Amino acid sequence: MLSMDLLVAMEMSERIEKATSDSKKKMDGNRSAARRKQRIANRELLNDNEGLNMLRGLGVPMSKQE
């Protein structure tokens, strides 16, 4: 469970760092389009079902919320 928390914390830190560094740069059309394509590609790497299966494989308890 602690390793999962650490992974989430690292991901949050990386996203904040990236957003901060990107906001300092001058945005142009090409760079913006490239970032959008990269985000789309990253989303395709891990869909919801794969993520849930990974968590189940790690033994993370799951319950359905309404």
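Every read-out reported here was derived from the displayed coordinates using simple, explicitly stated rules and does not represent laboratory data. A quick note: this is a predicted structure, and the numbers were derived from the prediction, not measured. No Cβ is skipped: glycine too gets one built from the backbone with ideal geometry, and neighbour counts run over all protein chains shown.
Which whole-Hz couplings ³J(HN,Hα) result when phi for each residue of region 51-62 is put into the Karplus expression 6.51 cos²θ - 1.76 cosθ + 1.60, θ = phi - 60°, listed in order with x for Gly and Pro?
Computed from phi, the couplings for region 51-62 are x, 5, 5, 5, 5, 4, x, 7, x, 6, x, 10 Hz.
Which order results if 62, 4 are arranged by neighbouring Cβ count within 10 Å, fewest first?
Result, fewest neighbours first: 62, 4.
How much net charge surrounds residue 7 when only other residues with a Cβ under 13 Å from its Cβ are counted (Lys, Arg +1; Asp, Glu -1)?
-2
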